[in-house]
1. Could you tell me the calculated FRET efficiency between VAL179 and HIS34, based on Cβ-Cβ distance and R0 = 41 angstrom, to the nearest 0.05?
2. What order do you get for 86-97, 36-47, 116-127 when each peptide is scored by the mean count of other beta carbon atoms within 10 Å, highest first?
3. For the residue pair LEU92 and ASP318, what label-to-label distance in nm results when each label sits 7 Å from Cα along the Cα-to-beta-carbon direction?
4. Which residues does the label zone of VAL141 cover in region 71-91, counting backbone N under 20 Å from a point 7 Å along Cα→Cβ?
5. Run the simple label-point estimate for LEU172 and ILE308 please: 7 Å along Cα→C-beta, distance reported in nm.
6. What nm value, rounded to one decimal, do you get for the distance between ALA256 and TRP187 when each label is placed 7 Å out toward the C-beta?
Amino acid sequence: MKRYLPDTFTWMLLGTVLLATLLPATGRFEDFMHLASNAAIALLFFLHGARLSREAALSGFKQPRLHLLTLACTFVLFPLLGLALHALFPGLLTPELWLGVLFVCTLSSTVQSSIAFTSIARGNVPAAICGATASNLLGIVFTPILVTLLLHRHQDGGGLQQVGGILLQLLLPFVLGNVLRPWIGDWVLRKKSLLAVVDRGGILLAVYAAFSVAVAQGVWHLFPPQQLALLVLVNAILLGGVLTLTTFGSRALGFARADEIVLVFCGSKKSLASGIPMASVLFSSSGVGIVLLPIMVFHQMQLMLCAILARRYAERQDADLAAADGKAQTA
């Protein structure tokens, strides 16, 4: 029974959500949390760059099938599932909430949490870096196109600033860490606990910062509890469907477990960090808060569920290694 209960990190996530609900970051403290979250993410990428050999980093680009499938899950599978749910249950949610759910389906994958969970689950981190970053870059183009096709909306907006932000915050620290690897790589490899702290700490900071924004906007008071409960149900069906298809689909296609982890975590995520600026461009300012409610709920749900999945992947690998060691000693 214990294995089905939330672990310490999951309880920490729940506590962070509760803290942000009761004491959301506002004013200068909100600015500080935003900077702290960005710094933690940059440090995460720096340490991953220092840990990975250049050969391993470049190997992530040598898996086109994995990356194409990840992008297909993000920009094809999600929209199709969202449209199917809307067609089957049009009256389940208000039109505004359905608009937000379909907007969720058009967004790119997360970067920091996808890579962090892949690392925790002991998956193919170089491939996760390549896949998640590519998803975010392509999302700048794909999301407006999908919004136009799915929601029949179109507004002009540029994405160069967002591209620059991704390069500055994600790729630059990774490259810098990789350049310094000959001097600090061995030390980083010995400090696995440090990477674990950075992975989890960055996720907790992101959860607190994102949820503080939701609370400050008062989005939880916009709809009655039953609508919020139904929104959670729709998001759960959407997330559960994609996780199931990516898990069993990757196995049916013969992917190794490390690559399966990449497809599961990078292909099932939706980025709140990309969703907020995208929504501000694609929707009127008066309706942005309502449109963002589904992604805020989905964001928390994916973090909670993926924390459990990452732990179980890691436990499975530990069990396999222990069994292999036992057989070697017996032989």
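Read the figures in this text as sums done on the coordinates, not as results from a lab. Everything numeric in this text was worked out from a predicted model, so none of it was measured. Ideal geometry is used to build each Cβ from the backbone, glycine not excepted, and the neighbour counts take in all protein chains shown.
1. After rounding, the FRET efficiency stands at 0.90.
2. Peptide ranking by packing, descending: 116-127, 36-47, 86-97.
3. 3.6
4. Of the residues in region 71-91, 71-79 have backbone N under 20 Å from the label point off VAL141.
5. 3.9
6. Going from the ALA256 label point to the TRP187 one covers 3.0 nm.
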